[in-house]
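Taking it in order: structure first as structure tokens, then the write-up.
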Amino acid sequence: MKEIILSVKGLNLTVKGKHLLENINFSLDKGDYLAISGICGAGKSVLMKSLLGLITSGLSGEILYHNIKKDEVTYIPQNTLDLREEFLGTAKEVVAVGLLSRLKGGCMTEEHWQKVDELLSVLHLSDVKDKKINKLSQWQQFKVKIARHLICDPKLLFIDNPPSTSNTKLKTELYKILKNLCNERNITIVHITSEVKGISSFADKLLFLNKGDNSFYFGDTKHYMPVKNPEKEC
């Protein structure tokens, strides 16, 4: 039997007198992979920030988390790596930093390093684990960031738009990795993307936000039938 981890009921958001989100309703089960997409300016990122409690002003409705602790929710925002500020260690060391809060001053053991290596393997990063993070491609850096967030075994992972790329192979690889994490580790993932067609073979559910009438679609990704609209998805 599936177990609900997040439910949203009648969510509304008003920004500077403008209704950005209206009557959003959906729920997610443990292990779901939700893609959030939609027209530019429809409110995808602000919706995610609202779900995370980062936006509270102008918000009404219910956002309910079920059987999950605050430290079991993690969030990767846009522009996630600023190499001028981030720790410039190797990929392996950057992921290991994610464990420091759990160690409470303790030292990394062989078991901890093995966990780091296993996670880097899952993200297809084993061949670059000993390279400095600033020597990796933007896409590799992003996957290292995912590994750093996953190292503490969250139950719910929010990912805002990943780096832009025209490389279909890279995007498909990421979708497949995330889907496998949902299936094999029972993680719930909420992922903003402009690639509805590309992600439809991997994400279980889609929340597509329209602009103008503030309508939305929520349901099976494969059943989504886009309405012809001259506005660009992003």
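Highest-first packing order for the peptide set 44-52, 5-13 is 44-52, 5-13, based on the mean count of other beta carbon atoms within 10 Å. Spacing of the modelled spin labels on K176 and Q114, each 7 Å from Cα toward Cβ, amounts to 2.8 nm. Each of (1) 58, 34, 34; (2) 53, 39, 38; (3) 64, 47, 39 is a candidate for Cα extents along the principal axes in Å; the one calculated from this structure is (2).
As a calculated quantity, the FRET efficiency between T14 and Q138 at R0 = 35 Å, using C-beta atoms, amounts to about 0.50.
Pairs exceeding a 27 Å alpha-carbon distance, out of K145/K169; K18/K44; K18/K169; K44/K132; K69/K143: K18/K169; K44/K132. Of G106, G89, G53, the residue with the greatest mean-square motion in the GNM of the chain, using alpha carbon springs below 10 Å, is G106. In a fully extended conformation the segment linking E22 and S101 would gain 24.7 nm over its present Cα-Cα distance, using 0.36 nm per residue. In the chain, the calculated helix contribution to ellipticity at 222 nm averages -8500 deg cm²/dmol per residue, counting -39,500 (n - 2.57) for every DSSP H run with n ≥ 4.
None of the figures in this text is laboratory data; all of them are computed from the coordinates on show. Predicted, not measured: the structure shown is a model, and the values here were computed from it. Neighbour counts run over all protein chains shown; Cβ positions are idealised from the backbone, glycine included.
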